[in-house]
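Here is the structure we will look at.
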Amino acid sequence: MTERAIGELSSQPDIRRPTLPLWQNGLVIIITLTYLICELAFNSRLLDLVGSLSTPEDIHSMERYGRALTAIAAALLVLQLVLAGNVRLKKRGIDFPPLYVASMVFSLCLLTGVVTWQTVERVIEQQVAQSTGEFRQKSLLAQLYQQSLIDGHQTLEGIPLDEDGGQRQTWASPSGKAFLAMLPLLMSSVSRYHPLLESETAQNLRDSISVQEGGILGYYKAWLAARADIYKDYLDYSSVTQKNVRYHEAMIPARLDWEAFFMLDVVQSRLRETLALPPQSRVRSEYPKDDALKQFALELQAPHLDYAMQQQLPHLQAALASYGPGGANEKAGEDAARAVIVPPIALMFSLLGALTHLAKLLYLLLLPLSAALLYITSWRPVRLLNRHALLFPVLLICLLLGMFSLMNNSITASPAYHALRLGLQGADVAITGESSLLSGGTLLRVIHAVSIGQSYSYPLNHALRQNLLMDFDFGYETRDK
């Protein structure tokens with residue numbers, strides 16, 4: 001019907017029709033729709049990444065997928081432009097062989113994709129490479145702060161509390177994840193928040209160590225494994241009949257019972273080394289289970305966490321120069337800077353690509369549809385839609401962005417967010433030692449729109465990833481905490 005209508009209307013110059021032939025227009029629509037599904041699914045997975053534990057490898061993997069999708073988005077724009085240019089040349093009598101056109105389209109799209117990939121990579125790597133030692137160190141602290149919020153060890157004053165008195169559900173929501181994607185960049189690049197990061201460093205580090213170990217249950221399992229290794233040694237020891245036995249470079253008496261063997265200094269020393277305990281700690285062979293491991297947590301886990309925190313704290317509080325080129329903490333600082341910079345940039349490019357191609361998809365659909373409808377009716381709105389087929393999707397997207405900027409959710413309406421907005425007015429965002437083009441207030445307005453938009457789009461994006469892409473993880477595999 002559409003093709004016939006457009007064909008019969010070909011003699012009416014006041015009706016706009018697709019530049020491309022119908023089959024090419026349909027092909028571009030299908031490719032664009034496929035890209036949009038992948039881009040929206042990636043967007044949801046990116047939020048999952050910032051809302052849970054992640055490693056530098058996870059960040060690198062998501063970064064590569066993000067660059068690939070951005071490169072595809074640019075190549076799709078070139079695809080349509082080249083095909084449209086070929087049609088216009090045909091109308092002027094310049095007709096190239098189909099194989100030549102196909103080769104030219106493929107080459108230009110490939111070139112555009114490669115250039116875009118390298119450009120995005122260069123933007124990120126340049127920011128990371130030129131980042132100051134202070135920014136890198138504060139990025140490490142900001143990540144710890146972010147993780148404490150996610151795990152529920154830390155609450156952000158002024159943000160509404162969940163029913164259980166924490167904020168874990170808030171940060172697990174789409175709007176919360178979108179806010180957390182930007183928060184580390186704000187806190188590490190705006191100097192007024194550095195004292196807050198520094199004052200919370202020790203506690204956040206202690207909480208982070210506990211989470212990485214699986215909490216009290218994870219450390220309890222580590223104790224069980226260490227005790228099992230000692231018990232194997234005890235079985236070997238008990239089979240020896242000599243009066244004295246050499247055990248790990250120490251002479252110990254023979255025929256001791258299990259409890260006495262376990263409390264020997266040489267055994268305790270091995271346990272302290274295995275379980276990362278301070279020198280004065282004594283490890284028991286049994287801990288009661290009927291008190292929810294409270295005694296175990298008090299006698300063993302708490303000294304371990306304090307000791308591990310004290311061991312790692314000097315690394316975080318090292319001189320800023322150590323995070324710069326050639327410094328002892330250069331690699332750790334670069335990884336931290338990348339982890340702070342990549343999610344916001346990836347989220348920005350993801351949204352930009354999705355919105356651009358959503359507008360293009362609507363245009364590709366509206367133009368032939370409105371032309372076909374004019375075969376049936378000359379209703380003024382249809383004619384207006386036909387004449388300005390691109391204007392309508394652009395206005396729709398601008399309207400959505402405007403609405404997202406004005407709407408609020410539990411986070412953007414909170415006293416904490418209001419205080420953040422006041423604190424960022426006129427504040428400089430410094431990553432490389434020079435003030436960024438975006439001020440803190442401008443960046444927060446972007447965060448606002450993204451946070452509101454994700455509240456509505458994340459459920460759809462997540463469903464697309466799970467159902468149409470068969471739960472494809474984009475290189476990030478969720479880990480159980």
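The values are calculated or read from the model by the stated rules, or taken from the named source; none is laboratory data. None of these values were measured; they are calculated from a predicted model. When we count neighbours, we look across all protein chains shown, and the Cβ atoms used for this are built from the backbone with ideal geometry, even at glycine. Keep in mind that these areas ignore ligands, DNA and RNA; they rest on the heavy atoms of the full protein, side chains included. Shrake-Rupley method; radii C 1.70, N 1.55, O 1.52, S 1.80 Å.
From L186, L196, which residue is crowded, with 18+ Cβ neighbours inside 10 Å and out of contact with any helix residue (DSSP H, G or I) (no Cβ under 6 Å at 6 or more places or on another chain)? It is L186. Of the residues making up segment 237-250, just one is within 54 Å of the chain's Cα centre (by Cα) and surrounded by fewer than 10 Cβ atoms within 10 Å (Cβ to Cβ), namely E249.
For (1) exposed (fewer than 13 other Cβ atoms within 10 Å of the Cβ); (2) closer than 21 Å to S322 by Cα; (3) touching a residue at least 40 places away in the same chain (Cβ under 8 Å); (4) in contact with a Gly (Cβ under 7 Å, 6 or more places away or on another chain), each residue gets a yes or a no:
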{"position": "P97", "(1), (2), (3), (4)": "yes, no, no, no"}
{"position": "M104", "(1), (2), (3), (4)": "no, no, no, no"}
{"position": "L108", "(1), (2), (3), (4)": "no, no, no, no"}
{"position": "T116", "(1), (2), (3), (4)": "no, no, yes, no"}
{"position": "R136", "(1), (2), (3), (4)": "no, yes, yes, yes"}
{"position": "D151", "(1), (2), (3), (4)": "no, no, yes, no"}
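On the stretch given as segment 175-208, residues that are acidic (D, E), within 18 Å of F135 (Cα to Cα) and part of a helix (DSSP H, G or I) total 1. Note on segment 257-341: enclosed helices (runs of 4 or more DSSP H) holding 3 or more residues that are modelled with pLDDT of 90 or more and crowded, with 17+ Cβ neighbours inside 10 Å are 265-274, 302-316.
Residue check: is I124 at pLDDT below 90, part of a helix (DSSP H, G or I), β-branched (V, I, T) and closer than 28 Å to M470 by Cα? Considered against the rule, which asks whether it is at pLDDT below 90, part of a helix (DSSP H, G or I), β-branched (V, I, T) and closer than 28 Å to M470 by Cα, I124 comes out as no. Tell me whether segment 68-78 contains one or more residues that are in a helix (DSSP H, G or I), of a type outside the set (D, E), surrounded by fewer than 21 Cβ atoms within 10 Å (Cβ to Cβ) and in contact with a Leu (Cβ under 8 Å, 6 or more places away or on another chain). Yes, that holds for at least one residue. Taking the conditions exactly as written (under 24 Å from L40 (Cβ atoms) and either in a loop (DSSP other than H, G, I, E, B) or within 33 Å of the chain's Cα centre (by Cα) (or both)), does L358 satisfy them or not? Yes, satisfied. Cβ-Cβ contacts under 7 Å between residues 6 or more apart (or on different chains), taken from a first residue in segment 454-465 that is within 14 Å of S175 (Cβ to Cβ) to a second residue that is of a type in the set (A, V, I, L, M, F, W, C) and assigned to a helix (DSSP H, G or I), are listed as Q454/L47; Q454/A178; Y458/L47; N461/L40; N461/A41.
Assess whether L83 counts as being assigned to a helix (DSSP H, G or I) and either open to solvent by 60 Å² or more (accessible area, probe 1.4 Å) or among the hydroxyl-bearing types (S, T, Y) (or both).
Judged against the criteria, L83 is not a match.
Evaluate segment 416-426: report whether one residue or more is surrounded by fewer than 19 Cβ atoms within 10 Å (Cβ to Cβ), free of Cβ contacts under 8 Å to residues at least 40 places away in the same chain and charged (D, E, K, R). Checked against the condition, which is being surrounded by fewer than 19 Cβ atoms within 10 Å (Cβ to Cβ), free of Cβ contacts under 8 Å to residues at least 40 places away in the same chain and charged (D, E, K, R), segment 416-426 yields at least one hit. In the set Q147, Q143, only one residue is open to solvent by 30 Å² or more (accessible area, probe 1.4 Å), touching a residue at least 40 places away in the same chain (Cβ under 8 Å) and in a helix (DSSP H, G or I); that residue is Q143.
Residue-level check: of (1) assigned to a helix (DSSP H, G or I); (2) surrounded by fewer than 23 Cβ atoms within 10 Å (Cβ to Cβ), N43 misses just (2). Does L437 satisfy being modelled with pLDDT under 80 and at negative phi? The answer is yes for L437. When segment 100-143 is filtered for residues that are over 21 Å from A71 (Cα atoms), touching a helix residue (DSSP H, G or I) at 6+ places or on another chain (Cβ under 8 Å) and of a type in the set (S, T, Y), the ones remaining, listed by number, are S131, T132, S139. The residue pairs whose first member lies in segment 156-174 and is without any contact (Cβ under 8 Å) to a residue 24 or more places away in the chain and part of a helix (DSSP H, G or I), whose second member is surrounded by 14 or more Cβ atoms within 10 Å (Cβ to Cβ) and of a type outside the set (S, T, N, Q), and whose beta carbons are closer than 6 Å, counting only pairs six or more residues apart or on different chains, are R168/G152; Q169/D162.
In segment 251-261, the condition of being under 30 Å from A332 (Cα atoms) and out of contact with any Pro (no Cβ under 9 Å at 6 or more places or on another chain) is met by no residue.
Within segment 438-445, not a single residue is open to solvent by 50 Å² or more (accessible area, probe 1.4 Å), without any contact (Cβ under 8 Å) to a residue 40 or more places away in the chain and closer than 24 Å to T155 by Cβ. With respect to the conditions (1) buried (at least 17 other Cβ atoms within 10 Å of the Cβ); (2) in a loop (DSSP other than H, G, I, E, B), A413 lacks only one, and its number is (1).
Every residue, every condition in (1) open to solvent by less than 20 Å² (accessible area, probe 1.4 Å); (2) free of Cβ contacts under 8 Å to residues at least 24 places away in the same chain, yes or no:
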position	(1), (2)
S378	no, yes
L390	no, no
V394	no, no
V429	yes, no
T432	no, no
I447	yes, no
